[in-house]
Amino acid sequence: MKENYHKHTVEDFAQDTFFQKWVKNPDEECEEFWSDWLNKNSARIFEVNEAVEMVRSLRFVEADLDEGKVEALWNSISKDIKHETNGRNFLVSKKSSSFLLKIAAALIPLCIIGYVYLQEGYFANEEKVAQAMNIKKDNPNGKKSQFTLPDGTRVFLNANSKLVYSSLFNDEIIRKVKLKGEAFFMVKKDSLRPFIIESGDLQVQVLGTSFNVRAFQDEEQITVAVEEGKVRLQNKTNADDGESIVLYHHDMGIFEKESQELSKEKVVGNEVFDWRNGIIHFRQADFKKIQKTLEQWYGVSFVINGKIDSRKDFTGSYANKPLSTVLDGLKFVYEFEYQIDDKTITIN
């Protein structure tokens, strides 16, 4: 029976039969209703997504147990018990016997149900479960990649970054990916199937837009910068509070990992998006940050002999330049000499 669902919790959605039907075996009526409901209640998509996962986590196929089959199994189990205890003497008190009978009364029906499920194959088919595997796109330092998801969404994945999605992605009612690192998305618009990105405790909801997500594990913040369109951010751990922020053209959402706070500011220029075009920017960066960026960008490691003045910062941009060109610019600022030996940079 359809309801208005406006006050439903995650658990309420998961227990609703009409919602379950949409997740497990949708028909035209289900798809039309829930697509329209999500369009009108886009702020609830994170809760709906959690409820979908909850319904899908149930691995049993519903089945009615035949009364005659249950009785036959009960008799079979009873005979086995008698056979195993035949000829053995048990010294059990009346009180203990009563207690053991109560345990048996509770456990035997469970054994029967488990036996029927195993015999009749009512556990989820292993072949079907195996079909829903994770597909991973994983870039080490020094490597960037571009690829298209099955729905037509274009992804630019930065170095030291990983994207994970289901092999059944194109058949999912909610398109979802998980990101560690940095990626630029050009999401294919599909009003019937929202797009969600999960990065740690942050969720990003998209309908059709282009934006950048930066979520490296060793950084204190996760940032989402919108080039075009509109996205919604929400903290997964506070999803019940309904707190979220909406980003538009050239907005940047900032999620503080420690405090779990969300805020936003304006993006100036296109620097945050330029990495996908091979352009590297430094804005008042100290050498420690520069070193980390170059290791990721070019896939190298540094050996530093002596000390570099950390009080000095550097500002500069390089478009598709070799590492030696960048180092030539840095050596005048930080007063060092360098040597390149394959993937190792020695600075003196």
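Could you tell me whether the range 131-172 comes out rounded, prolate or oblate from its Cα gyration tensor? Rule is a ≥ b ≥ c as square roots of the eigenvalues, rounded for a/c under 1.5, then prolate if a/b exceeds b/c, otherwise oblate. If you can, show how the numbers build up before the last one.
Numbers: a/c = 4.10, a/b = 1.74, b/c = 2.35.
Oblate shape, in that a/c is at least 1.5 and b/c is the bigger or equal ratio.
Among ALA225, ASN212, ILE196, flag the residue with its Cα farthest along the positive direction of the charge dipole of the range 178-242, charges on Cβ as +1 for Lys/Arg and -1 for Asp/Glu.
ILE196
Accessible area, 1.4 Å probe, largest first: how do HIS249, HIS281 sort? Display every interim value, and only then the final one.
On the way: HIS249 105, HIS281 50 Å².
Per-residue accessible area, sorted high to low, gives HIS249, HIS281.
In Å², what does the accessible area per residue of the range 173-296 work out to with a 1.4 Å probe?
On the way: 5780 Å² over 124 residues.
Roughly 47 Å² per residue, with all protein chains present.
Say R0 is 41 Å: what FRET efficiency, to the nearest 0.05, do ASN320 and MET133 get from their beta-carbon distance?
Working: r = 36 Å, r/R0 = 0.88.
The pair ASN320/MET133 has a calculated efficiency of 0.70.
With a cut-off of at most 13 other beta carbons within 10 Å, and DSSP calling the residue loop, which chymotrypsin sites (Phe, Trp or Tyr not before Pro) in the range 211-319 qualify? Please list them. Working shown, then result.
Details: sites: PHE211, PHE216, TYR248, PHE255, PHE273, TRP275, PHE282, PHE287, TRP297, TYR298, PHE302, PHE314, TYR318; in loops: PHE216, TYR248, PHE273.
Answer by residue number: TYR248.
Which trypsin sites (Lys or Arg not before Pro) from the range 5-49 combine a DSSP loop assignment with at most 10 other Cβ atoms within 10 Å?
Numbers: sites: LYS7, LYS21, LYS24, LYS40, ARG44; in loops: LYS7.
Qualifying residues, ordered by number: LYS7.
Once Rh for the range 210-323 is found with the Kirkwood sum over Cα pairs, what is the Stokes-Einstein diffusion coefficient at 25 °C and 0.890 mPa s, in µm²/s? Walk me through the numbers on the way to the answer.
Values: Rh = 16.2 Å.
Result for D is 151 µm²/s.
Under the definition of Cα pairs under 8 Å and six or more residues apart, what whole-number percent is the relative contact order of the range 203-262? Present the calculation step by step, with values, prior to reporting the outcome.
Details: 117 pairs, mean separation 20.0, N = 60.
Relative CO of the range 203-262 lands at 33 percent.
Give, as ranges by residue number, the residues of the range 193-229 whose backbone N falls under 12 Å from the point 7 Å along Cα→Cβ of ASN39.
Counting backbone N atoms under 12 Å from the label point, the list is 193.
Report the extension gain between ASP328 and ASN141 in nm, rounded to one decimal, defined as 0.36 nm multiplied by the number of residues separating them, less their alpha carbon distance. Working shown, then result.
Values: separation 187, 0.36 × 187 = 67.32 nm, distance 2.15 nm.
Full extension from ASP328 to ASN141 adds 65.2 nm.
In nm, what is the difference between 0.36 nm times the number of residues separating ASP341 and MET54 and their Cα-Cα distance? All intermediate terms of the calculation are to be shown ahead of the outcome.
Working: separation 287, 0.36 × 287 = 103.32 nm, distance 5.23 nm.
That pair, ASP341 and MET54, stretches by 98.1 nm at full extension.
Could you sort ASP151, ASP313, ASP27 by accessible area so the largest value comes first, with the probe set to 1.4 Å? Each step should come with its number before you reach the end.
Values: ASP151 25, ASP313 80, ASP27 50 Å².
Putting ASP151, ASP313, ASP27 in descending order of accessible area: ASP313, ASP27, ASP151.
The values are calculated or read from the model by the stated rules, or taken from the named source; none is laboratory data. From a predicted model like this one, the values you see are computed outputs, not experimental measurements. Please note: Cβ atoms are built from the backbone with ideal geometry, for glycine as well, and neighbour counts cover all protein chains shown. Only protein heavy atoms, including side chains, enter the accessible area calculation; ligands, DNA and RNA are left aside. Shrake-Rupley method; radii C 1.70, N 1.55, O 1.52, S 1.80 Å.
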